Each structure stands twice: as C-alpha cells, then as structure tokens.
Amino acid sequence: MTTEELKSTLLELFPAAIPEEGGEWLAINVAPDELHDIALRLRQEQALNFDFLFCMTCIDWKTHLTMVYHFTSTRYRHNLVVRVKLNFTSPEVATLSDIWQTANFHEREVYEMFGVNFINHPDLRLLILPDGWEGKNPMLKSFEDPINMIRL
Amino acid sequence: MNDIHDISSASKAPGPRKASGFITYIRDVFYAVKSLLVGLRRTGYYFTHHKEIITQQYPDNRETLNLPERFKGEVVMPHDENNEHACTGCTACELACPNATIKIVTKFDLTPEGKKKKAIDKFVYHLELCTMCNLCVVACPTDAIKMAQTFEHSVFDRGQLTKILNKPGSKIREGVE
Amino acid sequence: MVEEIGTTTDGDLIINVGPQHPATHGVLHLVITLNGETIKKVEPHLGYIHRSIEKMCESLSYRQFIYVTSRMDYLSSHINNHGCALCVEKGLQIEVPARAKVIRILMDELTRIASHELWWGAMAMDLGAFTPFFHAFRERETINDIMEETCGARLTMNYMVPGGVMLDIHPNFRQRVHDFIRLFKSKVHEYEEMVTGNIIFQNRMKGVGLLSAEDAISFGCTGPTARGSGVSCDVRKYYPYDGYEQLAFDEVLETAGDSFARYMVRIRELHQSIRIIEQLIDNIPEGDFQAKTKAVLKLPKGEFYQRVETARGEFGVYIVSEGGTTPYRIKFRSPGFSNLSALDHMARGSKLGDLVAMMGTLDLVIPDIDR
Amino acid sequence: MWSFSNISTNIDEWLRSFLNPTWTMVAEMVIVGICVISLFAVLGLVLVLMERKVSAWIQIRLGPNRVGPKGILQSFADTLKLLVKEGMTPDGSDKFLFNFAPLLAIIVAMLLMAPIAFAKDFHMWDLNIGVLYVSAVSSISVISILMAGWASNNKYSLMGAMRSGAQIVSYELSAGLSILTIVVLCGSLNLNDIIQSQVDGWWIFKGHLPVLISFVIFIIAVTAETNRAPFDLAEAESELTAGFHTEYSGMKFALFFLAEYVNVFIVCAIGATLFLGGWMPFHIGNWTDFNHVMDYVPSSLWFFGKTFFLIFLIMWFRWTFPRLRIDQLLNLEWKYLLPISMVNILLVTLMAILGWHF
C-alpha cells in the first residue's frame, strides 16, 4: 500500500487522528486515551495488519513527552509512525504489551528511563537500572548526575 | 502461553517414527554411530596433523610480528630530523575527538619579522581516554599526527598514559600553515 | 504468563544464572525458577553493562557518535556504523560514491561471517563441545586480519563515516578476501562434520525452544531468530540500502522454529554472505571512497530512521534532530533486546540444558541488549 | 626378562630375614601404600598433562609448552599452585561433609586399585571376586559426589550432584552387564583368571560381535560413570558453572580432580583387563613362535599401553562431542544401552554354552 492509500485508509478509520507529512513514513498523532483502541485496530484491521512493532521510544521535549511507535506490516511492508503527546508532570499511556508482546520490555525501558507510567502493564518494574533508581529517569534532559556523567 | 509443552517427546532424532519400529530402531542407532564417527575422524585428523596448529606464541614472536601500517595503536606526532613537526595548533583534532582525549595548549611565538604567531606549547594526549577512532588523524589539515603501531600500552602508573606529543624544543616546520 | 509471576509454590528452585556464568557470554543475569530440571520461568535482569549510549550520543556530533555504536553489538560493529552513517546521510541527503557503497557491503558481509563464526563456536561450547570454538576462530582471525589491514582495528573499527568510508581499501584487500574465500570453502564442510550432522547436537537442538511465526513477530524478533520461525524479515531484501537490491542472494528461511532451525539459518547465511562477497570482490568500481562533506555536519530539523540487517537482526537508528550539530534524541533499536524478550516464552517447560541451547541460538550479545 | 614376581618375592624374603611374620606384613603394607600413593600422584600428573596435550592438538593449539621441556612439568606447577591455594569452606556449608567428600572420592579411587594386575604377577590383592569388588566399590564414588553437592549448600552443586546420582546409578547397570559378558565367557570373577583365559587371544577378538558390542557399551558406560564429557552433566560447565565442585577450591578441588583422573585410569584398566587381555601380550591362538616374540615386550608395557589407549579414546570423545541433556542421557541408557546389553548377554551366554568362541 502506498503512503497515499495508507493515509486515506487511516483517515477513514480514525477521523480523530492528525496525519503528519514530511517524514519518510506517514505519521499520525493520537491522543493518549485513544492509543490502545487505535493500536488494536491497526493490528486487527486486515487491510492494515500492522503486526510488527519494531521500534518504540520516547522523546523528552522539555515541555512534554512524546511516545513514538514505529509499526510495520510483515504482510504489506508498509510503515506507520504513531506519536502520542504526553504531559510532563504525570505522563500516562495505556500499555500495548497485550497487543505486541515486544512492547513489554520496551515499555519497561521507557518507564525507567523517562518515567512514563503504562497503565495495565503486567510487570512494570525496573529492567535495566538497578534497585533504587525508581523515579530518577536518567534519559530526561533535566537529569543531572555530577559523579557519573562526563561532560565534554 | 501457559502450556508447558513436553519437549522430550518432540526431540526424537531423525524424522517421525515409522510403523516398523525395529528397523527404524536399528537405523537410528546406525546413523547415530556414523555421525559420531564422522566427528571423531575430523578431530582425529587434527590430533595427528600438527602442521594445522595456528597458535602464535605471542611474546616470543615480537620480532616477526608485523602489524599492518594502518593499525591504530596510539596517536603520535612525527618529528623530522630537525626536531620539527607540522602542528599549527588549530585544534581541529581537539574538536573532532569524541572523548576529550586531546588538549592543545597554545602559546604565541615571535616571528623574525616581529609578528606574533600562534604555535603549540603542549599537545597533551590522554591515552587512557582514547578509543582509537582515528577521527583526529582524519581531521588534521596538516597531517601532523598519525596513528602508531604500538599496542603494548600497559604501565604501572596511570599518570604515564598522559603524554605530551610534541618533543621539547620542537617547532613547527617551515611552510606549514 | 501474567498470573504465574509471584506465585511460585514451595519446592521450586530459584537460581541466578549470571551475571557471571559461562553460558551467558557476558553479564546477562537470568533469574530462573526451576522445578527439578524443568524451567518454569526465566526473568532477565539487564543493565550490567548499560552505558546509556543514547544519552552519550546526545552530546556528540554526527561524526563522533558513530564510533560509540561499535561498542553496542561489537560483533557486527561495521553494520552498526553503517546504519548510523546511512541515517546521517539520509538527513543530509548525501549521495555516496559507488565505490564506497561496494566497500561497505563487503565489510558488512565479512563482519556477518565473522560474527556467525564466533556464534557457531560459542554455541557449540554452550552445548559442551569445546573444539569447534577454536576451529571457528581460525577462519574468524583471517577476517579480523583483513579488517585490521584496511580499517586499522580488529573489532571496533569506526570505518564507516557519513559520506562513505574513512580510508580506501588496502591494496592487498582483494587478494586477501580471495584467500579467505578459498580457506572458508575448504573448511566449511568441517562445520557439518563436527556439529551439524552430529546426532547429539541434533537431539539437543531439534524441537527445543519452539517459537511460532506469530510469536516471533509479536515479540519483535528479527534476523536469524525470526527467520528460523519462517518470518521473512531480511532488511536487505525489503528495505535495501547501498545497493543490496542489485545483488543476487537468497533470504534464508527455515520453518521449524526450533533451535536447530535457527542454527541452520545462520549456517546457510554464511554461504549467502560468501555469495555476495564473490559477486562484489572483483567488481569494486573505481572512484572516490568518500563523498565531499562539510566539516561540521548539521542535520535539518526532523526525524530520520534507518534500519540495517546486522548479524543478529534488524538494527534501527532513529535520530530526532532540532537542526543542531548534535542529535536531539537518538534511539537505537537493537535486535538483541527484542530477541531476548522471547526467551522466557521459549524456555518454559524445557530443561535447564535446553536454556543454554536457546541462548546459544538466540546469539545474544549483551552490550547490544543493554546499550 | 625380569619379572615382577621375582622382585616381590625377593623383597618378601629380605624382609623376613630380619623381621617376624607380623612385622613383615606391616612393612609390606606400608610399601604397598607408598607405592599406591606415588602411583596416584604420577597418574594424576601424567593424565592431566595428557588431557591438556590431547585437547590442545585436537583444538589446533600447542598446549602447555612453557614449564620444563615441551611443557612436561606443567602439571607439577599446577599441583604446586593448587597446594598453596586457600581451601575455602563456604559459610552455611556442612563443614564435616564438605571436607570429607573429596577424601571419600580419593579413598574410593584408592580402593579400586587393589585387584588390578599391573603386570605379570604384580597386583596388590589377588581377589577371587575381583570383578564384583570393582563394580561394588566403584558405586560408592557417587556418594562422595552427592555428599559434596549437598554439603556445599549451593543450588548449582546440588543440581550437579542429583544429576550425577541419576546418571551413575543408571549407567552402572549397563557397565555391569557388559562386564558380565566376559565373566560368562571365562567363568570366573577373578581378574587374574580372566587374563589367563586370554592367553590364546584377547576376548575382543575371540568373542565375535557380541563382545565387541559389549566393549563399546562398556566404554560408553564408564565414560558416563566417571562423569566425563559427553556425559559430564554433574559438572556441565555451561549450565551449572562447575556442578558439584563449584564451591571447592585449592587442594580439596584438586582431590576431586585427581579422583576423576584416577577413576578414568581404573575403568580403562578394567576395560583393558577384561577385553584386551590386561598384561597379556598379543597372542594369536597357537602360533607359538609369534606368541613367543610378543612375550619379549614386558607385560607392564602391554598393560599400560592398552590402558592409555583406552584413556586416549575417552579423551578423544570428550573433545569431540557435545554434552547430552539429562533426559537424553537417561534415554540413551534405558532405551538403547540396557536393552542392547541384555540381548547381548543372552547371545554371549548362548555362545559360551555352545562354545562358539575361539
């Protein structure tokens, strides 16, 4: 499916989503509370069949956080970027680990690095950081560690 | 996902069991033994053919050890016979370095015409921070630094790893800008 | 899966495999719940070698950050560097000279062979046979020598730069690659004799660590791990980069989804990599090895994603640029991280000895998982 | 040709010339004890060096070549290192059992030395139930492993010990059955009688296919019984780090190590005695001239040559094959080796009754 077809299909299915052009792949912006429903549709809709969540990360924009999900379809080989804007003070979004199991580990990583709380995540604990790092969120731009961080 | 599948039943050797159990049993045993003998023959070959040995007896073969000329061992600054180097102190290497390995301390020399000219006082190189990425050598506009083939860097005191690359009393080569 | 966590009944044995353990090839820490010899749960604890490379890269320029990526998957450092260079080039819209493209692919494929060979030896060692490890190193050292001659290092090369490669290939390169191909072809049948055909190996691997195609996709498995389950996911085929589309090679697929299938995928990939090298080694075009680039690289504002196929799977570089000289945010999608997440699913119900075989065939490189 | 029987008789007479019979007995026992201990030490050193050289050559390496000429003093250096290393006893371990387990392992290995005939008329104890004694005493070795695994208070050790228990108990069956084939053929449990019965040819040649099969089964079973790869599940270094001796260090570890190698020597000596004629030179039926030539080679050389050939075989296996899984290990025993050796022993019995062997 070409980008144009994908875009029209997506807009038909999710009128609320805001498409964004300019990148390599089609991107849509989604509200946090709609993410889970939309993701489930993306996975289950036969015309879309986004069965592979190949990258998932978070960006700290200092004023807000953005969750970025990269989807691809192993059947049609089309790609889609889904962005979710989260507020900075209490970032919360529904987990996708019940739809794509790979999200389990990736969400744990985002949780400890950025402090995003994933609602209904089965096992939201620190994965990489040792005990005692809860709530410190080292990947945030505001994080400072005078001992371990070396500035050039 | 909760089913604990019985691995042991699935892991039987070649192929599914046919009805004629006894023949298959014998054949299984035969092929199993044969595959083991093939492996034994291979290791037996190496046991008896000592010319295949690839061990290099490292500290003993220092004389014959040839490192390729591109090998990245440490950054050095070549000096010619007049104790002159080609470094202008432009700090391109310092900026290119991802680890703050290089620190250039500059001074101002007086040229014969009486003008002030920027030159290096010290080219400080922290070998302990260097990752041998070659970016400084590539960045240098005057080819003043290069990678040496040395690789035995261990010392007893970490301070010895901080090196000053320009030799004492050295100056910049004529004509290098 | 969810319910079982935290409800281990009395009589189960909880053992820590790692962070120092011969089978984890590094500092992976697995907390395993055992019932006798049978595994009930595997819980990875990561981070023993986490250096926060993504955070480090935020303060490095676009030329500098590439060397750090060699330290992630150190066995396919060329391919990691390749991915990063491609992503920067995508942002800058640089056209890479044809010679550089060919050199890059040659280096990638040599790296893949070296990586698979080390995996072959290490996996055999996991299963208790020590000898293949040393035999695999014989061929791998030859590749390392080739790399050393051209790139100046044996493991962390930092050879790919935005715009091409750092140095032109060494004059001996072509001859030595030919020598390597000859050596490899004369020795590769030993791999079959010592490991592939061996009845003990086959019994240890067949039917062990089953991963269905659906699960492989759901867990985000890529590379030989997914291709062993029949998931066609070769980035070189579907999102070709630097001229892979012009080369004749097959994507290796096995359908069984067990450890032996993953093993066979890697062994067959060795031959495919040799095939690619043979097509290119005598056809390296003349010309520049590096495109002219500015001294200071600045990516335009935007997001750039580039994926490449490393020896372990799909490696992704995601750069978010604000228009400065350093990336605003960089994310590395490492194949090992997703592959490891499937381990728990694969290992449940199998024996402790099988876990080692599964970890062997997942080809885990811990710095790649931790980043 | 000098014979060991003359030497031992001479020593005996010399001792009797100035001691009463009781003290003669004591002195002889001391001499035998010293001999056994020094044989132990020498065997340990030689076998460790041999293992390292064999593995090195198979793995296209050079192996130890620094200490002494061609590295032959390497195992001395290793022993010295192990002797001066601290022998740790971990907290929470059962101190008595933990320290006793390596001793038990070594005691068992020593006991097994008793009935073996090292050369013509040279053995410590001419036991008329030698074969039975060997198989009975060798089963005690599993206790030392279980003891070590239990007393270490370490989960890896415990798992290694339990695996070893399951393994040794199972493989003793087929080892015993394959030994039994020879007992059936020559009708005696005495190791010397068994050797004498091979004066016109070794059993492996006289006994047709059934004895060959039982020889193969014997080699597989004893490899498993001595916990050597491909059956080294008790140690299984990539699974259990070091299995039952994970917590051992220094000399206590060295004793386990030594016991393993001496056990390998003993089972190979038994195998050589039963199937390859022990110290009996290579004889062919009634070719008296040929047999006479063969007799010029000293009997001790014959014995050690055969034993070390079998040891080499076992080492060759170790450096070629991967490890089996625990269930496959038991499958191999109960589904393959045991049925085959049971059928085999019936065949041999038939053969012995009908006198079909040479």
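Every read-out reported here was derived from the displayed coordinates using simple, explicitly stated rules and does not represent laboratory data. Everything numeric in this text was worked out from a predicted model, so none of it was measured. Cβ sites come from the backbone with ideal geometry, for glycine too, and all protein chains shown count toward neighbours.
Under a 5 Å amide H cut-off, with hydrogens placed 1.01 Å from N, residue D:324 pairs with D:232 among residues at least 5 apart or on other chains.
Rounded to 0.05, the FRET efficiency of the residue D:346 and residue C:175 pair, given R0 = 56 Å and the Cβ-Cβ distance, is 0.30. Database remark: amide H of residue A:52 closer than 5 angstrom to the amide H of A:72, A:74 (H placed geometrically; neighbours at sequence offset of 5 or more, or on other chains; Pro and chain starts carry no H).
Annotated for chain D: lysine pairs at least 8 residues apart or interchain, Cα distance under 23 Å, count 13. Rg and Dmax over the alpha-carbon atoms of the protein assembly as shown stand at 34.0, 119 Å. Shielding value for C:226-237 is 1, the average number of Cβ atoms from other chains within 10 Å of each residue's Cβ.
With a 10 Å radius around each residue's Cβ, average the other Cβ atoms per peptide and rank B:31-42, D:166-177, highest first. Let's see the in-between values first.
On the way: B:31-42: 16.5, D:166-177: 21.4.
Highest to lowest by the protection proxy: D:166-177, B:31-42.
Shown in residue order for segment C:221-232 are the 3J(HN,Hα) couplings computed by the Karplus curve 6.51 cos²θ - 1.76 cosθ + 1.60 at θ = phi - 60°: 5, 9, x, x, 4, 6, 5, x, 9, x, 8, 7 Hz (x for Gly and Pro).
Which value, in debye to the nearest 20, describes the size of the charge dipole of the protein assembly as shown about its Cα centre when Lys and Arg Cβ atoms bear +1, Asp and Glu Cβ atoms bear -1, and nothing else is charged?
Working: 97 positive and 115 negative charges, 323 e Å.
Dipole magnitude for the protein assembly as shown comes out near 1560 debye.
The fraction of Cα-Cα pairs per 10 angstrom bin, counted from 0 for segment A:3-119, comes to 14, 50, 31, 5 percent, rounded to whole percents. The mean sequence separation of alpha-carbon pairs under 8 Å and at least six residues apart, normalised by the residue count of chain D, gives a relative contact order of 22 percent.
For chain C, what does -39500 (n - 2.57) per DSSP helix run (n ≥ 4), summed and divided by total residues, give at 222 nm, in deg cm²/dmol to the nearest 500?
On the way: 15 runs with 168 residues, N = 371.
Dividing the helical sum by the residues of chain C leaves -14000 deg cm²/dmol.
Every helix of 4 or more DSSP H residues in chain D counts as -39500 (n - 2.57), and over all residues that averages to -22500 deg cm²/dmol at 222 nm. Taking Cα atoms of segment D:84-148, Rg/Rh with Kirkwood Rh, to two decimals? Rg/Rh for segment D:84-148 comes to 1.15. Return the whole-Å distance between the Cα centroid of segment D:182-245 and the Cα centroid of segment B:116-177. Using only Cα atoms, the two centres lie 67 Å from each other. 3J(HN,Hα) couplings calculated from phi for segment D:21-37 with the Karplus curve 6.51 cos²θ - 1.76 cosθ + 1.60 (θ = phi - 60°) are, in sequence order, x, 4, 5, 4, 4, 4, 4, 5, 4, 4, 4, 4, x, 4, 4, 5, 5 Hz; Gly and Pro show x. Of the peptides D:314-327, C:104-117, the ranking by mean beta-carbon count within 10 Å, highest at the top, reads C:104-117, D:314-327.
Toward the positive end of the charge dipole of chain D, with +1 on the Cβ of Lys and Arg and -1 on the Cβ of Asp and Glu, the farthest Cα among D:56, D:211, D:181 is that of D:56. Look at the dipole of the protein assembly as shown built from charges on Cβ: of D:283, B:85, C:114, the Cα furthest out on the positive end belongs to B:85.
With respect to chain C, whose longest principal axis is taken over its alpha-carbon atoms, helix C:131-151 is tilted by about 20°.
Annotation for residue B:128 and residue D:91: the two label points, set 7 Å from Cα along the Cα-Cβ direction, are 3.4 nm apart. Computed from phi, the 3J(HN,Hα) profile of segment A:110-123 under the Karplus parametrisation 6.51, -1.76, 1.60 (θ = phi - 60°) reads 5, 4, 7, 7, 10, x, 7, 8, 9, 6, 6, 5, x, 8 Hz, with x in place of Gly and Pro.
Residue by residue along A:127-134, Cβ atoms of other protein chains within 10 Å of the local Cβ number 4 on average.
Given Cα pairs under 8 Å that are at least 6 residues apart, what percent is the relative contact order of segment B:74-172?
Details: 163 pairs, mean separation 39.6, N = 99.
Reported relative contact order: 40 percent.
What separates the Cα centres of segment D:120-147 and segment C:166-204 is a distance of 49 Å. Against the main long axis of the alpha-carbon atoms of chain A, helix A:35-44 sits at an angle near 50°. For chain B, the longest principal axis of the Cα atoms and the long axis of helix B:21-48 meet at an angle of about 40 degrees. Taking only the Cα atoms of chain C, the ratio Rg/Rh comes out at 0.98, with Rh defined as the Kirkwood radius. For chain B, taking a cut-off of 4.7 Å between Cβ atoms, the unpaired cysteines are B:87, B:90, B:97, B:130, B:133, B:140.
Of the residues C:225, C:209, C:184, the one whose Cα sits farthest towards the positive end of the charge dipole of segment C:160-269 is C:184 (charges of +1 on Lys and Arg Cβ, -1 on Asp and Glu Cβ, taken about the Cα centre).
Taking every pair of alpha-carbon atoms in segment D:236-337, give the share separated by more than 24 Å as a whole percent. Don't jump to the answer; show the numbers that get you there.
Numbers: 2397 of 5151 pairs.
Every Cα pair in segment D:236-337 considered, those over 24 Å come to 47 percent.
Residues of segment C:341-371 with amide nitrogen under 20 Å from the 7 Å Cα-to-Cβ point of residue A:145? C:366-371, by backbone N distance to the label point.
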